[in-house]
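Step one of this worksheet: look at the structure below.
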Amino acid sequence: MAKCIIDGKKITAPDGTPILQAARDNGIDIPTLCSHESIEPSGACRLCVVEIKKGKRSKIVTSCLYQVEDGLEVDTKSERVMNVRRLVLALLLARNPASEVIREIAVKMGVNPQPRFKLDEDKGKCILCRLCVRTCADIVGVNAIGLSHRGPSKTVGPPFDEDSSACIGCGACAYVCPTGHILMEEKVDERKIWGRRFKMKACDTCGRYFAPLDQLEFISKKTGVSVADLSICTSCR
Amino acid sequence: MSKINTLEDLNKAGKRGLATLIPSGTKIMVGMATSGIASGAQDVYHALDREIRERRLDIILSRTGSMGMDCMEPLVDVLEPGKPRLAYGKITAKKAPTLLEQIAKGTIETIKPFYRMDEEESIILGKSKRYGDGSVPAYLKEIPTIKEIPFYAKQVKIATRNCGLIDPESIDEYIAKGGYSGLYKAITGMKPEAIIKEVIASGLRGRGGGGFPAGIKWKTCREAKGDVKYVICNGDEGDPGAYMDRSVMEGDPHSVIEGMIIGAFAIGSHDGYIYVRNEYPLAVANLGKAIEKAREYGLLGKNIFNSGFDFDIRISKGAGAFVCGESTALMASLEGAAGEPRAKYIHTVEHGLWNRPSNLNNVETWANVPAILTRGGKWFAGIGAQNSTGTKVFSVVGKINNIGLVEVPMGTPLKDIVYDIGGGVPHGRKFKAVQTGGPSGGCIPEKLIDLRVDFDELWKAGSMMGSGGMIVMDDRTCMVDIARYFIEFLESESCGKCIPCREGVRRMRDILEDICAGKGQAGDVELLETMSQAIIDGSLCALGGSAPNPVLSTIRYFRDEYDAHIKEGRCPAGVCKALIKYSVDSETCTGCGMCVKVCPTGAARGEKKQPHVIDEATCTRCGACLESCKFDAINVK
Ligand SMILES: Cc1cc2nc3c(=O)[nH]c(=O)nc-3n(C[C@H](O)[C@H](O)[C@H](O)COP(=O)(O)O)c2cc1C
Ligand code: SF4
Ligand code: FES
């Protein structure tokens with residue numbers, strides 16, 4: 001167990017707990033964009049920064065990654081911290097003007113668009129938090145999408161932006177995306193995601209189209225359960 | 001080749017090396033590092049080779065690395081028995097026959113050497129060996145010795161001790177200079193802890209940028225839990241204009257290899273990697289050959305010096321991304337993943353490459369290690385400054401007369417580097433600033449010319465040591481434009497993982513571009529400062545963490561230039577095209593017509609011998625007339 005102080009509050013948390021979680025468990029709110037409880041943190045968005053003090057030295061760290069330590073003093077809202085968060089949000093407001101989520105957080109934090117930043121038109125709502133990529137790789141186990149290019153031209157999507165043969169159309173990426181950038185269109189027996197169309201499978205019992213055939217085949221291959229046995233939707237099971 | 005197992009074996013190899021290093025016949029050495037090749041050394045070598053063979057001359061022709069004085073390349077050294085070694089600069093293939101004739105005649109009439117060396121120095125052995133009997137023939141007395149040349153006088157070469165003196169492909173010559181005796185001493189006579197103690201005592205700090213004490217890093221890695229550990233050499237060298245590591249890898253690859261073996265033994269590692277950018281083909285080739293040779297001699301592989309210690313090195317080629325020089329990105333790249341940094345709250349000395357304890361040091365750091373082992377930590381600590389011991393190699397480029405690589409004791413005044421070694425600013429222009437620390441370093445202004453160059457002093461001045469790049473600027477350099485240039489480089493080299501760096505740096509570039517284009521707004525400087533602080537604090541790795549430095553340091557020392565651009569629409573240095581006008585000063589113009597000749601758009605006009613004019617509408621402000629006018633009659637305002 002580690003004893004530390006967050007925003008003046010004495011807190012005890014098991015060793016290895018990230019500051020973010022320790023704070024939230026104690027009712028202290030820290031904004032985040034790229035963290036998700038079931039995915040390893042990557043520290044990409046930098047919204048969760050906090051200022052820590054050890055002895056005389058203070059520094060800015062990401063609370064999703066930095067773990068509690070004995071004697072650590074954490075300030076989640078210091079001026080230096082807020083300066084970073086304000087910039088991150090102003091940058092995202094300019095990068096993703098269409099994103100309601102970003103606008104909401106900005107309004108909540110009282111951050112206005114920076115008139116010196118010209119608005120981007122080509123980035124959609126993607127903030128490159130990489131939750132989708134890691135979900136696809138670590139949770140679904142498919143690796144259909146990834147990051148390409150470097151620096152400001154970095155993008156996320158299937159390799160070479162072509163239809164991905166690896167994608168199973170499960171939609172986990174769209175589900176986890178914090179800004180709703182990933183579009184998943186559904187028509188009765190068809191689903192479209194990342195530009196590729198997927199045939200949906202109807203439930204043997206109720207007849208409702210409930211999952212892409214590719215996904216059922218993927219699960220079948222992994223588990224050894226036949227597609228036929230998987231062809232009943234969760235509500236009918 | 002038989003293996004080297006004992007001190008006797010090592011001495012034998014050294015004797016063989018000495019026989020080619022200072023042969024009984026005449027020897028010609030051509031500086032064939034990249035800097036030499038770029039100036040035509042390859043042609044010079046072939047021309048000499050052809051002539052020697054056609055004339056059946058009894059001359060040994062060999063290749064060597066770079067002595068650092070790039071402005072004199074191609075460099076050819078001549079060593080005749082019983083005479084001092086002579087260095088000839090700017091030799092062309094055409095001059096090759098003349099040079100050979102001159103050697104045959106025993107004169108220096110047609111081509112003058114620019115310095116002579118009376119002795120072969122070895123910093124490792126701590127002694128020098130005079131060529132011949134040490135006497136200097138009368139006709140050579142007028143030639144200054146290397147120590148009398150301002151470029152070399154204040155230099156102390158430890159990391160680059162053998163560059164330009166030995167054939168990098170000859171392990172024997174390396175051994176003749178004392179090479180592998182540090183390793184012998186360490187492996188056969190010292191405990192790992194004692195080696196680490198020696199390195200700590202030397203005060204050696206990492207030469208790759210951060211300046212972290214090498215011995216402490218080794219110690220932590222040694223003490224880290226795990227059976228498998230790695231030692232890694234960082235040869236990524238991504239700073240534009242920097243090439244000290246390249247020079248060492250090309251000119252003296254064994255110094256890096258020996259350093260790594262010593263480090264591996266001290267840390268308890270059996271696997272080493274050298275990460276080099278693919279754009280350094282000669283470095284890759286010479287390192288590869290050196291590793292082969294070291295294996296042949298049993299200095300790499302199993303049971304080194306019969307000690308039971310095994311170690312080998314592999315080379316890994318990077319694709320030349322600046323960010324891949326960052327330790328965690330480098331390790332990701334070594335693993336075959338994208339070169340993206342990760343947070344370092346978990347240290348790489350404990351969880352590095354493949355999650356195993358890994359010790360990463362820079363090329364120059366490793367190259368210093370053999371010298372520390374042979375001469376002792378105390379000796380090393382006695383060189384340089386208090387908290388920055390030893391020497392540092394700098395690549396001095398830009399508006400400076402003697403462009404080249406220099407190695408000076410830490411704490412050498414900036415003034416000595418710029419004026420004495422560098423020979424000052426060309427064309428009688430005024431020295432304005434020097435950018436140190438690479439793209440994310442800072443600009444040191446003229447008023448700080450007395451600054452003693454070491455890790456801490458540079459940091460206090462708002463810049464940093466970085467890997468040792470120094471770009472000298474004269475009064476025709478616009479500091480806003482310079483900040484824009486470096487920020488643009490960093491923008492394109494950002495890996496794009498985290499938001500402050502990926503998005504913030506490009507917005508800073510937008511604003512700087514606006515200022516240079518005369519579209520700056522009131523409050524821009526303050527905005528840049530606030531953004532800088534947030535980017536420094538908020539970025540994931542040190543690329544973003546230091547990216548704003550060029551902006552902050554130019555604001556700190558050249559705020560007036562920012563204000564002139566923004567408030568007065570003026571570029572005081574006459575660089576930013578949108579803010580300047582070219583005109584001819586009719587008083588000083590002699591009507592020589594030079595500007596008319598060089599102007600690519602026909603904007604410069606006039607009758608011969610009459611004052612000329614420049615048509616503002618067609619002038620593209622390319623600066624061709626300014627460069628060519630001998631009478632300083634072109635005004636830029
Ligand atoms: C963006 C970036 C680029 C870097 N590039 C290099 C490089 O090219 N060579 C190098 O030795 N160190 C480079 N470094 C520093 C390394 O991360 C690391 O500190 C160094 O290699 C450690 O070796 P040292 O302690 O011997 O200096 C870079 C750091 C950053 C943040
Ligand atoms: S600071 Fe820049 S280079 Fe470093 S992780 Fe962030 S985006 Fe990548
Ligand atoms: S939530 Fe910590 S960096 Fe994004």
TODO: Could you check A:CYS4 against (1) closer than 20 Å to B:ALA542 by Cβ; (2) in a strand (DSSP E or B) and say which number it fails?
DONE: (1)
TODO: Give the number of residues within the stretch A:151-181 that are more than 23 Å from A:ALA98 (Cα to Cα) and either open to solvent by less than 50 Å² (accessible area, probe 1.4 Å) or part of a loop (DSSP other than H, G, I, E, B) (or both).
DONE: 9
TODO: Working carefully through the options B:GLY164, B:GLY179, B:GLY211, find the one that is part of a loop (DSSP other than H, G, I, E, B), open to solvent by less than 10 Å² (accessible area, probe 1.4 Å), more than 20 Å from B:THR365 (Cβ to Cβ) and away from ligand 3 (no atom under 16 Å from the Cβ).
DONE: B:GLY164
TODO: Note down all Cβ pairs under 6 Å where the first residue falls in the stretch A:37-62 and is farther than 22 Å from A:ILE102 by Cα, the second is within 16 Å of ligand 2 (Cβ to nearest atom) and aliphatic (A, V, I, L, M), and they're at least six residues apart or on different chains.
DONE: A:GLU51/A:ILE60; A:ILE52/A:VAL61; A:ILE60/A:VAL49
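Let's see how each residue does on (1) assigned by TED's automatic domain parsing to the domain that holds B:ALA329; (2) open to solvent by 20 Å² or more (accessible area, probe 1.4 Å); (3) more than 16 Å from ligand 1 (Cβ to nearest atom); (4) in a helix (DSSP H, G or I):
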site: B:ILE487; (1), (2), (3), (4): no, no, no, yes
site: B:GLY496; (1), (2), (3), (4): no, no, no, no
site: B:GLU513; (1), (2), (3), (4): no, yes, yes, yes
site: B:VAL525; (1), (2), (3), (4): no, no, yes, yes
site: B:ILE535; (1), (2), (3), (4): no, no, no, yes
site: B:LEU543; (1), (2), (3), (4): no, no, no, yes
site: B:VAL551; (1), (2), (3), (4): no, no, yes, yes
site: B:THR554; (1), (2), (3), (4): no, no, yes, yes
Open item on the list: Being within 16 Å of ligand 1 (Cβ to nearest atom), touching a Pro at 6+ places or on another chain (Cβ under 9 Å), within 14 Å of chain A (Cβ to nearest Cβ) and not charged (D, E, K, R): is that true of B:THR348 here?
Closed with: no
- [ ] Residue by residue through the stretch A:20-35, note down the ones that are under 18 Å from the mean Cα position of the chain (by Cα), farther than 15 Å from A:CYS129 by Cβ and either outside any loop (DSSP other than H, G, I, E, B) or away from ligand 3 (no atom under 12 Å from the Cβ) (or both).
- [x] A:GLN21, A:ARG24, A:ASP29
Task: Residues (within 14 Å of chain A (Cβ to nearest Cβ) and either open to solvent by 30 Å² or more (accessible area, probe 1.4 Å) or on the phi < 0 side of the Ramachandran plot (or both)) located in the stretch B:313-324 - done: B:GLY318, B:ALA319, B:ALA321, B:PHE322, B:VAL323, B:CYS324
Task: Residues of the stretch B:414-436 that turn out to be in contact with a Leu (Cβ under 7 Å, 6 or more places away or on another chain) and of a type outside the set (Val, Ile, Thr), as a count - done: 1
Task: Which numbered condition B:ASN362 fails, given (1) within 16 Å of ligand 3 (Cβ to nearest atom); (2) open to solvent by less than 70 Å² (accessible area, probe 1.4 Å) - done: (1)
TODO: Would you mind stating whether A:SER99 is away from ligand 3 (no atom under 14 Å from the Cβ), among the polar types (S, T, N, Q) and touching a residue at least 24 places away in the same chain (Cβ under 8 Å)?
DONE: yes
Task: Residue in the stretch B:429-440 that is most open to solvent (accessible area, probe 1.4 Å), counting only those that are more than 14 Å from every other protein chain (Cβ to nearest Cβ) and either among the basic types (Lys, Arg) or within 16 Å of ligand 2 (Cβ to nearest atom) (or both) - done: B:LYS430
Task: Scope the stretch A:18-44; condition closer than 14 Å to A:THR62 by Cβ and open to solvent by less than 20 Å² (accessible area, probe 1.4 Å); matching residues - done: A:ILE19, A:LEU20, A:ALA22, A:ALA23, A:ILE30, A:LEU33, A:CYS34, A:SER42, A:GLY43, A:ALA44
Open item on the list: Being more than 7 Å from chain B (Cβ to nearest Cβ), within 16 Å of ligand 2 (Cβ to nearest atom) and part of a loop (DSSP other than H, G, I, E, B) is the filter here; which residues of the stretch A:44-85 pass it?
Closed with: A:LEU47, A:CYS48, A:CYS64
Task: Pick from the stretch A:45-80, criterion away from ligand 3 (no atom under 13 Å from the Cβ) and open to solvent by less than 20 Å² (accessible area, probe 1.4 Å), ranking: nearest to the chain's Cα centre (by Cα) - done: A:VAL68
TODO: Sort through B:GLY538, B:GLY504, B:GLY518 and tell me the only one that's at pLDDT 95 or above, more than 14 Å from chain A (Cβ to nearest Cβ), farther than 30 Å from B:ASP416 by Cα and over 28 Å from the mean Cα position of the chain (by Cα).
DONE: B:GLY518
TODO: Name the single residue, out of those in the stretch B:581-623 being open to solvent by 30 Å² or more (accessible area, probe 1.4 Å) and small (Gly, Ala, Ser), that is farthest from B:THR477 (Cα to Cα).
DONE: B:GLY606
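The values are calculated or read from the model by the stated rules, or taken from the named source; none is laboratory data. Computed from a predicted structure; not experimentally measured. All Cβ positions, even for glycine, are placed from backbone atoms using ideal geometry, and neighbour counts span all protein chains on display. Remember, those area values only see protein heavy atoms, side chains included, never the ligands or the DNA or RNA. Shrake-Rupley method; radii C 1.70, N 1.55, O 1.52, S 1.80 Å.
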